[in-house]
Amino acid sequence: MKNTISNEELAGLVEPARLHKRLYLDPDIFELEMERIWGQAWIFIGHESQVPATGDFFSTNITHKIPVVMIRDKEGQVHVLHNRCGHKGAKLVESRDGNVRGAFRCPYHGWSFRHDGTLLKIPNEKGYEGTGFDPSDSCNNMQPVAQVESYRGFVFATLSSTAPDLKTWLGGAVDCLDNLCDRAPEGEVEVAGGVLRYEHECNWKFILENLNDTMHPMVVHQSVVQAAEDYIASLPASAAKQRSEAEIIPPFGSSYEKFEDSGITGFPYGHHYDGGKTSIHADYTVLPAYHEAMVKAYGEERTREIYSFNTHNTLYYPSLTIKTAVQNIRVVRPIAVDRFVVETWSFRLKGAPEEMLQRTLLYSRLINSSAGMVGPDDLEVYRRAQEGLQSSASDWVEFHRQYGRDQQLPDRVIGGGTSDLDMRTQYKAWREYMTGEIAQ
Amino acid sequence: MTDLDIKAIEQFLYREASLLDQPDLDAWMQLFTEDGTYWMPAMENQPDPLNHISHIYDDRVMMEIRRRNFVHPRAASKEPAIRCSHLLGNIQAQGNTADGDLIVTSNFHVILWYREEQRCYAGTCEHHLVTAPSGFLIRHKRVNLINPDAAHKSLIIYL
Ligand code: FES
Ligand SMILES: [Fe+2]
């Protein structure tokens, strides 16, 4: 069924500044996206700090259906394996995280597998003698995902054995992962404080489009910005000063000019970020104890340089979006054409005072929680688009803002902060993945 | 603790629940002490609200910001209004906190009506109550969902 859509037809769905509503509505397109985008791109699995000890695992899906498990072996190496028994296919682990003591043991017929996925033991193996079955054949192992690489602890995997190496794929957008880690005095981050999981009843691409859609915050978040600003302004000055919300919420109501100034930068493979010189996170108070630790580690000049690269959202298309200045990330896990889950993870900056993590957690809770002050209003507009696009009034969604003004540099495209450059960047990649123009 | 005391506690919790159902968040907030907090953890047995992520951890200031957001005419996600119905049971007095506040636990079922969909939330609550001249006040309300770690849809009311 899914091969009934020709590459020509797919290419016709994405014009330079318009795309067809089928991208959000058609289950066959969704299946193809899972195969050609999610099945070929580097997908963020998890962070190494989630599996600190031998046998620690984290399980998730790499596409909407394909279950995988990230696990650390006794040599310290992190593997990403298909969560599938080499015998008759049962999932080996069911929990989202935990520890595999000694070896995976299948709950069905008791085959066991080492942490690297190789078959350890088959119970009552003599039944196989003389049958031509070879227990040492690697096809009986838990299969590794085609390629796995880690960058500064961020573990990515791809189902494609011909995908370019991770560093090439990240391209210039790697600056943001670097900046996130460099904001730690020890140059390393670790997952801390658990995860929020948020169900979205709409197509997965809406959240990616929204990340650097800087024409929406002052509209969608007007209610919470006013609620926070007005009420905090009415408090006695001494009480108002202590409210971290006053730094976090009001910038969502920043002016068009401010967002325009922050700029958007796009890269090959669909990655992009907004901000750089400035962003809505740029005016956060620098905690003195944190600043001290940074200067001690890096010196004054390098510290300033690290702070001065201030991005809002960076997308590593299609699965990972990070907030360098906040130290949290969101991970997109698609389920169906009109359903996906967002995971929000928070990071501890190693060597920084614990208050930094608490601020990150405060941000994640206020902004990204399903009971938050910002996320539900974003989801509301995605959901309305998901329903509104069912209309037969038009087949097209446009993204012409500042079209023709994007500036192509050797390794990136830059443009105005309120432009649709982010849309053009990600849908160029969509087209390339879907029609096979990205040679894999 | 006498039967009369338990009865008074029950009546107080029922009144709190009915203010959430009406909803009358102004009156509901008045049930909290000035330093009162509302906490909905994101994991089972979560030890504290600041060093681990929570769904909600509001003091009175955040409650007021949230209330103003709920009723703001431009809050698209709150339109049309959400309706809910609380049912409480298993209300038990569990002794006192170190500060002498009464600890009361209860079970709740909340049915919520939002966008043509009926949803169900369940769990236990822990209230820390202060006895004031006017009756009880809530110093702390902790809402333990049975599935705090699930992927939840938008939750834009207080449970
Ligand atoms: S399916 Fe795993 S041992 Fe048979
Ligand atoms: Fe938003």
key: Restricting the range A:226-258 to residues that are acidic (Asp, Glu) and more than 17 Å from residue A:363 (Cα to Cα), the residue that is farthest from the other protein chains (Cβ to nearest Cβ)   = A:257
key: Every residue from the range A:386-410 that is buried (at least 17 other Cβ atoms within 10 Å of the Cβ) and either among the acidic types (Asp, Glu) or in a helix (DSSP H, G or I) (or both)   = A:386, A:406
ask   = When you look at residue A:381, is it of a type in the set (Val, Ile, Thr), in contact with a strand residue (DSSP E or B) (Cβ under 8 Å, 6 or more places away or on another chain) and either part of a helix (DSSP H, G or I) or within 16 Å of ligand 2 (Cβ to nearest atom) (or both), yes or no?
value = no
Check on residue B:118, farther than 27 Å from residue B:6 by Cα and in a strand (DSSP E or B) = yes
key: Qualifying positions in the range A:63-81 - of a type outside the set (Val, Ile, Thr) and touching a strand residue (DSSP E or B) at 6+ places or on another chain (Cβ under 6 Å)   = A:64, A:67, A:70, A:72, A:79, A:81
ask   = On the given criteria, is residue A:378 charged (D, E, K, R), at pLDDT 95 or above and buried (at least 24 other Cβ atoms within 10 Å of the Cβ)?
value = yes
request  = Please state which of the following conditions residue A:34 fails to meet, knowing it meets all the rest: (1) within 19 Å of residue A:333 (Cβ to Cβ); (2) out of contact with any His (no Cβ under 9 Å at 6 or more places or on another chain).
outcome  = (2)
message = When you check residue B:93 against the structure, is it surrounded by fewer than 20 Cβ atoms within 10 Å (Cβ to Cβ) and in a loop (DSSP other than H, G, I, E, B), yes or no?
response = no
key: Candidates A:127, A:89, A:110 - the one that is outside any loop (DSSP other than H, G, I, E, B), within 16 Å of ligand 1 (Cβ to nearest atom), more than 14 Å from chain B (Cβ to nearest Cβ) and more than 16 Å from residue A:148 (Cβ to Cβ)   = A:127
key: Enumeration of residues in the range A:198-252 that are among the hydroxyl-bearing types (Ser, Thr, Tyr), without any contact (Cβ under 8 Å) to a residue 24 or more places away in the chain and over 21 Å from residue A:284 (Cβ atoms)   = A:234
Hits in the range A:394-440 - residues which are in contact with a helix residue (DSSP H, G or I) (Cβ under 8 Å, 6 or more places away or on another chain) and without any contact (Cβ under 8 Å) to a residue 60 or more places away in the chain = A:402, A:437
request  = Mind listing just one residue for me: the one in the range B:101-159 that is modelled with pLDDT under 95 and away from every other protein chain (no Cβ under 14 Å) and, of those, surrounded by the fewest Cβ atoms within 10 Å (Cβ to Cβ)?
outcome  = B:133
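The values are calculated or read from the model by the stated rules, or taken from the named source; none is laboratory data. Since the structure is predicted, the reported quantities are computational estimates derived from the model, not experimental observations. Virtual Cβ from ideal backbone geometry, glycine too; neighbours counted across all protein chains shown.
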